[in-house]
Amino acid sequence: MPHTNHSYGSHIRDFACSWGKAVKAETARSGAIANSTYIRTPHTHCNHGQDCEMPKKHHADPRNGVDSYALAEILLQNQDPRIKYVISNHRIFSNAVPPLWTWRAYTGSNPHDHHVHISVQADEADYDSTQPWNIGNLNPQPDAPVADEPPKTLRLGNKGDLVRKQQKQLGLTISGTFDKSTERAVRAFQRTNNLAVDGIVGPYTWRALQKPPIKSTGIVATVFGGTAERIQSAYDNHIITGRERSVALPYRFIDPRPKVKVSRGGKSVVCSIWDVGPWNVDDPYWTKPDGRPQSEQGLDLRGRVTNKAGIDLSPAAAKAIGIDGVGTVDWEFV
């Protein structure tokens with residue numbers, strides 16, 4: 001049960017829960033008043049003086065509420081000592097766990113991408129402080145456009161533009177049909193993002209997919225195949241030659257496999273996926289919140305010491321972008 005003796009000040013548990021439709025509901029129930037300096041809303045969603053969330057369908061709906069991403073950034077910039085930690089859009093910063101006041105990847109089951117989660121220090125002097133929170137002018141804008149509603153739920157058998165959209169976000173061949181291969185890719189994405197693994201694209205899976213298009217940056221690339229190393233394709237058993245432009249990624253795709261564009265220093269090359277690796281065989285790191293290969297930890301999933309590579313390039317692909325043996329690249333599905 002929340003604190004019942006509410007000070008008429010800017011409790012962080014109150015202001016973070018007070019904009020938009022939540023304000024309307026709370027005003028009808030408890031006479032809440034909100035402005036950009038003091039938020040005076042007793043709110044029962046928050047634990048006693050510590051944790052609170054601004055519940056919204058959209059992270060930025062200026063007609064009905066605050067942009068939660070902007071609020072999180074302001075809190076980070078101000079570094080108010082009353083804050084314990086803040087979670088927003090797959091990221092967390094903390095005033096308790098090093099590195100202090102620095103965004104880190106957050107991989108919990110709730111990405112907090114449609115609200116901001118704020119925890120304050122457990123000391124009563126912090127969570128019941130009436131000192132203003134310097135959050136600038138984040139008032140609702142009644143004349144702003146209405147935010148779009150989230151997409152509908154997708155599952156096996158569905159067809160259409162939304163299926164095409166999710167297939168593109170997953171790096172799949174775009175067919176517009178939610179088939180078995182699409183379901184398998186959805187399950188893999190859910191598994192690596194700590195979501196319920198059911199193969200259905202519901203609200204939480206859509207939220208995780210609404211991140212920027214998959215593009216992996218600063219990935220260590222090594223060269224495989226050709227005359228220096230006899231490598232047999234994991235897909236059709238052909239020998240990877242020195243002339244073909246191909247890559248290996250640490251995940252087995254279901255045909256038809258997407259193409260991969262690899263870039264470095266202003267040069268780029270489009271390649272086919274012809275092998276599984278380097279190091280791991282089930283690490284679709286491009287679907288993870290932090291987007292980093294597991295091999296970067298120094299040991300692979302079998303405990304072998306790695307060179308931290310997250311993609312292999314055939315000799316022709318490596319030559320096209322100026323890599324001789326090992327280098328750092330950006331890549332994306334095309």
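Derivation of every value follows stated rules applied to the coordinates shown; laboratory data play no part. What you see is a predicted model, and the numbers here were worked out from it, not measured in a lab. Ideal geometry is used to build each Cβ from the backbone, glycine not excepted, and the neighbour counts take in all protein chains shown.
The ranking of PHE189, PHE333 by Cβ neighbour count inside 10 Å, starting from the fewest, reads PHE333, PHE189.
Spin-label model, ASN78 to ASP198: label points 7 Å out along the Cα-to-beta-carbon direction sit 3.9 nm apart.
Looking at the stretch 294-334, the trypsin sites (Lys or Arg not before Pro) that sit in a DSSP loop and have at most 14 other Cβ atoms within 10 Å of their own Cβ are ARG302, ARG304.
Between ILE174 and SER268, the modelled labels are 1.5 nm apart [label points 7 Å from Cα along Cα→Cβ]. On the basis of the beta-carbon distance and an R0 of 22 Å, ARG304 and TYR235 show a calculated FRET efficiency of 0.45. Qualifying trypsin sites (Lys or Arg not before Pro) in the stretch 219-293, where qualification requires a DSSP coil assignment and no more than 13 other C-beta atoms within 10 Å, comprise ARG230, ARG243. Note on ALA228 and ASP282: their simple-model spin labels are 3.2 nm apart, each label 7 Å out from Cα toward Cβ.
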